[in-house]
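One structure, as structure tokens, below. Some questions next.
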Amino acid sequence: MPDQATFLRGLAKLYPDDANSPWYIFVGLVLQANDRMDAIAALFEILREQTPNREDLITKVRTLREAQLKASVLIGFPKGINGCIALRNAVQKTAPELLTVLDKDPSLRENLSRQEKDSRGLAFFQRIYSQHTDRVLENMSLASGGDLSQFAINAVYGDLMAEERRLGAKETGLLEFLACYAAGGSSWSQAKGHMFGSRNLGNSAEEIRGALNICDAIEDHFQIHVNRQPAANWTWLSKLDAWDH
């Protein structure tokens, strides 16, 4: 079995090769979801060795941090907090000079009005769910006395996901899908919706499959068992084969 750094470095090859490949945010998500915060430091070291330009490295750290923040509402807020802390600790240990910039970053969300959050949240939600938007919102509303739909539009999407300055809609959509896939179990239904949603946001079958391969490889390497039974609940993954053409 390869050592942790060698293994994590190899995960980049599972995602379509591109100069701006976001492979590392999907690695970070799966590590967060499975409480492997110890490996986030190794992930940062790989980014550091592969990114000699200081500004480019700062951009990658910001992108990873934003992905961990967005993932928090999907994988559990404590893991979101711990993932962000693990990343900062890793930077502080081996590249503390970056913190003179990163620690001064202002919040991207603190000055948003309720109207702004509702507007951009609904717009982002519609990009994901398209013609199914009204049905999805109604089902959430009926299940929660009206609160889930309000929370989704205003907080999850308006406040969190729709902010694109550090992590764009395309990558955010694929992050959401992968978080649901990584959860397994009853989350298959949400994973299905978000696979279609990630395609609506511009992800190709190759990119979706690359994120899946990263997740599967991490589960195998760390011997993580995720319940994806019954298999019939996951047959929709075969849609990727049709999307290849």
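Which of the numbered conditions does S130 fail, given that it passes all the others? Conditions: (1) modelled with pLDDT under 95; (2) surrounded by 18 or more Cβ atoms within 10 Å (Cβ to Cβ).
(2)
In the stretch 14-37, what count of residues is obtained for those that are out of contact with any Phe, Trp or Tyr (no Cβ under 6 Å at 6 or more places or on another chain) and modelled with pLDDT under 95?
Result for the stretch 14-37: 5.
Another question, then. Considering only residues of the stretch 84-122 that are outside any helix (DSSP H, G or I) and closer than 24 Å to A39 by Cα, which is farthest from the chain's Cα centre (by Cα)?
A95
Residues in the stretch 191-242 that are in contact with a Phe, Trp or Tyr (Cβ under 9 Å, 6 or more places away or on another chain) and small (G, A, S): how many?
9
Any residue at all in the stretch 207-218 that is surrounded by 18 or more Cβ atoms within 10 Å (Cβ to Cβ) and polar (S, T, N, Q)?
The answer is no, given that none of the residues of the stretch 207-218 is surrounded by 18 or more Cβ atoms within 10 Å (Cβ to Cβ) and polar (S, T, N, Q).
Check the stretch 37-50 and report whether any residue there is within 21 Å of the chain's Cα centre (by Cα), closer than 22 Å to T6 by Cβ and acidic (D, E).
Yes - at least one qualifying residue is present in the stretch 37-50.
Checking S144 against (1) modelled with pLDDT of 95 or more; (2) of a type in the set (S, T, N, Q); (3) touching a helix residue (DSSP H, G or I) at 6+ places or on another chain (Cβ under 7 Å), which single condition isn't satisfied?
(3)
For the stretch 1-26, what are the residues that are of a type in the set (D, E, K, R) and assigned to a helix (DSSP H, G or I)?
R9, K13
Show me the helices (runs of 4 or more DSSP H) entirely contained within the stretch 127-245 in which 2 or more residues are more than 27 Å from R65 (Cα to Cα).
Of the helices (runs of 4 or more DSSP H) lying wholly inside the stretch 127-245, those with at least 2 residues that are more than 27 Å from R65 (Cα to Cα) span 133-144, 239-243.
Touching a residue at least 40 places away in the same chain (Cβ under 8 Å) and over 19 Å from E163 (Cβ atoms): which single residue out of I25, I46 fits that description?
I46
Just the residues that are part of a helix (DSSP H, G or I) and of a type in the set (D, E), please, taken from the stretch 30-83.
Hits for the stretch 30-83 are D38, E45, E49, E55, D56, E66.
Which residue is surrounded by the most Cβ atoms within 10 Å (Cβ to Cβ), if the candidates are limited to the stretch 1-18 and must be hydrophobic (A, V, I, L, M, F, W, C) and more than 19 Å from the chain's Cα centre (by Cα)?
If we take residues in the stretch 1-18 being hydrophobic (A, V, I, L, M, F, W, C) and more than 19 Å from the chain's Cα centre (by Cα), then F7 is surrounded by the most Cβ atoms within 10 Å (Cβ to Cβ).
Another question, if that's okay. Residues that are surrounded by fewer than 16 Cβ atoms within 10 Å (Cβ to Cβ), touching a helix residue (DSSP H, G or I) at 6+ places or on another chain (Cβ under 8 Å) and either farther than 21 Å from A12 by Cα or not hydrophobic (A, V, I, L, M, F, W, C) (or both): does the stretch 171-184 have at least one?
Taking every residue of the stretch 171-184 in turn, none turns out to be surrounded by fewer than 16 Cβ atoms within 10 Å (Cβ to Cβ), touching a helix residue (DSSP H, G or I) at 6+ places or on another chain (Cβ under 8 Å) and either farther than 21 Å from A12 by Cα or not hydrophobic (A, V, I, L, M, F, W, C) (or both).
The values are calculated or read from the model by the stated rules, or taken from the named source; none is laboratory data. Because the structure is predicted, anything quoted here is derived from the model rather than measured. For neighbour counting, all protein chains shown are included, and Cβ atoms are generated from backbone atoms with ideal geometry for every residue, glycine included.
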